[in-house]
Amino acid sequence: MTGEELERAIEFLIQNQAKAEARLDRNDQQIAENSKQIDEMSKQIQVYAETQSQFILIATRTMEGLAAQLERTNKRIVESNARTDKLIAESNAHADQLIAESNARTDERIAETNRRIAEANAQIAEANAQIVETNKRIAEASERAALAGDRAAEASERAAEASQRAAEANARVSETDARLDRLAALVERNISGGNGQS
């Protein structure tokens with residue numbers, strides 16, 4: 001049962017109780033009025049008892065009718081109270097059942113929510129562990145990249161040194177070639193000069 005249905009059931013009980021109390025108030029008022037009428041008639045009967053026998057008979061019948069009416073009223077009040085008590089007991093039992101069912105559903109929803117929260121916490125913990133592992137791997141990769149960068153810089157430095165050495169070697173080779181060319185020219189002149197003399 002929803003909260004709105006529970007409120008309607010409680011409002012229904014309150015309305016019925018108010019109606020029953022209103023009926024009881026009306027009955028009490030009627031009884032009080034009847035009792036007042038009886039008292040007034042009794043006084044009149046006492047005053048006119050000796051001279052008004054017919055009036056006494058009428059008043060007696062009236063009193064008997066009022067007594068019967070009072071008895072019927074009392075009986076109706078008892079029956080109305082019994083029905084009201086039964087209705088209140090049934091309504092209370094129904095309301096208690098609805099409250100118990102609502103509490104059971106609420107407890108079930110709370111348990112389900114707690115279970116989901118526990119699962120979410122477990123997933124968060126797992127994600128955090130994965131993040132830690134990922135950060136560790138990133139740090140290792142960064143360290144390796146830095147080491148590779150150092151090695152690349154060292155290799156570049158070595159390549160620059162090799163290029164410089166190659167340039168020096170080429171210069172020496174060029175110088176050697178020039179010396180050989182001059183030597184060859186000198187030898188050729190010498191040979192040419194010797195042939196002319198013979």
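Assorted remarks:
- Any hit, region 102-122, residues being in contact (Cβ under 8 Å) with a residue 12 or more places away in the chain and within 30 Å of ASN16 (Cβ to Cβ): yes
- Which listed residue, of ASP107, ASP181, is among the acidic types (Asp, Glu), surrounded by 10 or more Cβ atoms within 10 Å (Cβ to Cβ) and farther than 30 Å from GLU5 by Cβ: ASP181
- Count of residues meeting criterion [closer than 15 Å to ASN16 by Cβ, surrounded by 15 or more Cβ atoms within 10 Å (Cβ to Cβ) and among the hydrophobic types (A, V, I, L, M, F, W, C)] in region 58-87: 1
- Single unsatisfied condition, SER91 versus (1) polar (S, T, N, Q); (2) under 36 Å from the mean Cα position of the chain (by Cα); (3) at pLDDT 85 or above: (3)
The values are calculated or read from the model by the stated rules, or taken from the named source; none is laboratory data. This is a predicted model, so every value here is computed, not measured. Note that each Cβ is placed from the backbone with ideal geometry, even for glycine, and that neighbours are counted across all protein chains shown.
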